[in-house]
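The values are calculated or read from the model by the stated rules, or taken from the named source; none is laboratory data. Bear in mind that the values here come from a model prediction, so they are computed numbers and not experimental data. Neighbour counts are summed over all protein chains in view; Cβ atoms, including those assigned to glycine, are modelled from backbone coordinates with ideal geometry. Just so you know, the surface numbers come from the protein's heavy atoms only, side chains and all, with ligands and any DNA or RNA stripped out. Shrake-Rupley method; radii C 1.70, N 1.55, O 1.52, S 1.80 Å.
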Amino acid sequence: ENVRGTMWAAPVVRLFASEVADSLEQYRFHQPPEMSASGVVDVTPQGRTSLVISFKSDKPADYQFLGKNLTLDSPSGQVSVQDKRVTNSKLKLNGFDGPVAGKINYLGDGKLEGELNWTRLSIPDLTSTYGFQMKGGGMVTGRINFSLTDSKVETMTGSGLLALEDAELFSVPMFGPLTPLLGGVLNDKDAGFQRAKDAFCTFRIRKGVLSTRDFNTSTNSLNFTGNGSVNMRDLTLDMTIRMNARGLLGILTRPLRPFSGLFQFHGTGPLKDTR
């Protein structure tokens, strides 16, 4: 009861539960974390271990997620070991310039399930880590429930939601082919363009493919709704966005209302160069 110390968890757990220790090796702390533990340790094959371990560290830890190494700051949490099952609950850390919290269960045989939520993470840091680029900056807030086997993206299933803030999603030329001319006259290349910066969607993941049916964003004069999918293994996108006028432009285009939603864009290809 209430055993305390600063130590590496995996070598200690390996004394009585080698498979559990293998799962703990995935959390690579830069320095031994502070830990406290209470419970029962069974050194026989009968599987009666029931141990609760709390940990925290002021130093970073590395973790492999979706094929990429992440460096996570100030991790803390509570690990429950029940025979071969490991639950990392009350998980808190900082990554991509924002807070992340959640719960991860190791079910044995390489199977993970969990839930995570995050607030205002850096989009540039995320996109560069996972190998694609977005212009500008921005932040992302969201949550996900997921399951995964052997850390392979193609086995991932789940669901969640995303909200983007201050991102440069795309620009719309409000005066068609005259827009660049207007920018030249006004000596402002951005004149005549409206930018979509904020967006929201819910999503589902099946076998590593993320899909959404309710992507929504807007500019001062236009609403955009869409549906599509992202293959997280190949980092490719296939998406259709429909455009409708709003505000003053909505009044001016009221005679076209029967054609509402028929103006649309279709993008497909690698996330680095979607066309």
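Taking θ as phi - 60°, what are the ³J(HN,Hα) couplings along region 47-59 by the Karplus curve (6.51, -1.76, 1.60), each to the nearest whole Hz, with x for Gly and Pro?
Those phi angles translate into x, 9, 4, 9, 10, 10, 10, 9, 9, 7, 8, 7, 9 Hz.
Dipole of region 1-105, Cα-centred, from +1 at each Lys and Arg C-beta and -1 at each Asp and Glu C-beta, to the nearest 20 debye?
Numbers: 12 positive and 11 negative charges, 33 e Å.
Value, rounded to 20: 160 debye.
Using the heavy atoms of the protein chains and a 1.4 angstrom probe, tell me the accessible area per residue for region 68-123 in square angstrom. The partial results should precede the final answer.
Details: 2710 Å² over 56 residues.
Value returned for region 68-123: 48 Å² of accessible area per residue.
What aspartates and glutamates could a cross-link reach from residue 111, if we take a straight Cα to Cα line under 14 Å and drop same-chain neighbours fewer than 8 places away?
Filter leaves 19, 22, 150, 154.
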